[in-house]
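Data first, discussion second: the structure below is written as structure tokens.
The values are calculated or read from the model by the stated rules, or taken from the named source; none is laboratory data. Computed from a predicted structure; not experimentally measured. Counting neighbours? That spans all protein chains shown, and the Cβs are built from the backbone with ideal geometry, glycine included.
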Amino acid sequence: MAGRKRVRGGGQKQRRGPEQNRPATGRGRPSLPSSRLGWAGILGLVVLLGVGIGASVGGVVAAGGIGTQLGLREGPELRMTVLACADSSTGKNTVTNCTGEGDPGRSGVTSGPWSLHDAGAHYRFGTVVDVRCTRSGDCTVIGLGGLSEDLAGLTLCLAFASFALTLGLGVLAARWFPERRAGRVLPGRRVIRGWLGVLGLLLLTSGVLAVLS
């Protein structure tokens, strides 16, 4: 009919109200990544922290042993005559302690009996060993074998400490740092390769000293 107007379905654009312009919520909305670690993550960080602290303490002890072997700590090198040795068990480990005597000279070490704690070997009566002693008479055997053991211990402690530190930083960076900043927190590949090379060189040096002892 002529009086009727035709209305095309696609001729007019429907206006959206303010409610329709709001972003979709509910299931269709992307969820933000959670920064909570959870109990498993917290327990993992505590374990890594314990490993790092233990490795650091062990590294300090091993470094002190290297200083003693090289003459950077305690007194000058002396000669001790072993009088007796005894083995004592502490759990699953067996430690050999020895007593002896020697000429302190002008070192300031006591002239009384000297002691070797954790001597590393059961020396026979009359065996003469090179030692460095404190003023109270606590001595440490000097030799390539002892230096090799201390260097190997220091290398292992550095390896465990660096592993715990890197893994802990990786967990924290993955949770709380944006992707752009995570690369600044974690060490690069060159740093990791260089550090592994240093640890390998220290371990190789320890092996060579063990063979020469």
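Observations
- The set of residues from the range 40-75 being under 26 Å from Ala161 (Cβ atoms) and modelled with pLDDT under 75 comprises Ala40, Gly41, Arg73, Glu74.
- Residues of the range 171-185 that are in a helix (DSSP H, G or I), of a type outside the set (Asp, Glu) and at pLDDT below 60: Arg180, Arg181, Ala182, Gly183.
- Of residues in the range 50-72 being in contact (Cβ under 8 Å) with a residue 12 or more places away in the chain and assigned to a loop (DSSP other than H, G, I, E, B), the one nearest to Trp114 (Cα to Cα): Gly71
- Criterion applied to Gly200, Gly188, Gly168 was being modelled with pLDDT of 90 or more and under 20 Å from the mean Cα position of the chain (by Cα), and the one residue passing it is Gly200.
- In the set Thr127, Thr110, Thr140, only one residue is closer than 18 Å to Leu70 by Cα and modelled with pLDDT of 85 or more; that residue is Thr140.
For (1) in the same structural domain as Gly200 (by TED's automatic domain parsing); (2) of a type outside the set (A, V, I, L, M, F, W, C); (3) touching a Cys at 6+ places or on another chain (Cβ under 9 Å), each residue gets a yes or a no:
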site	(1), (2), (3)
Arg106	no, yes, no
Pro113	no, yes, no
Gly120	no, yes, no
Val129	no, no, yes
Cys139	no, no, yes
Leu151	yes, no, no
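- Test for Gly137: is it closer than 21 Å to Ala210 by Cα and either surrounded by 13 or more Cβ atoms within 10 Å (Cβ to Cβ) or free of Cβ contacts under 8 Å to residues at least 12 places away in the same chain (or both): no
- Residue count, the range 102-154 (criterion: in a loop (DSSP other than H, G, I, E, B), among the charged types (D, E, K, R) and touching a strand residue (DSSP E or B) at 6+ places or on another chain (Cβ under 9 Å)): 3
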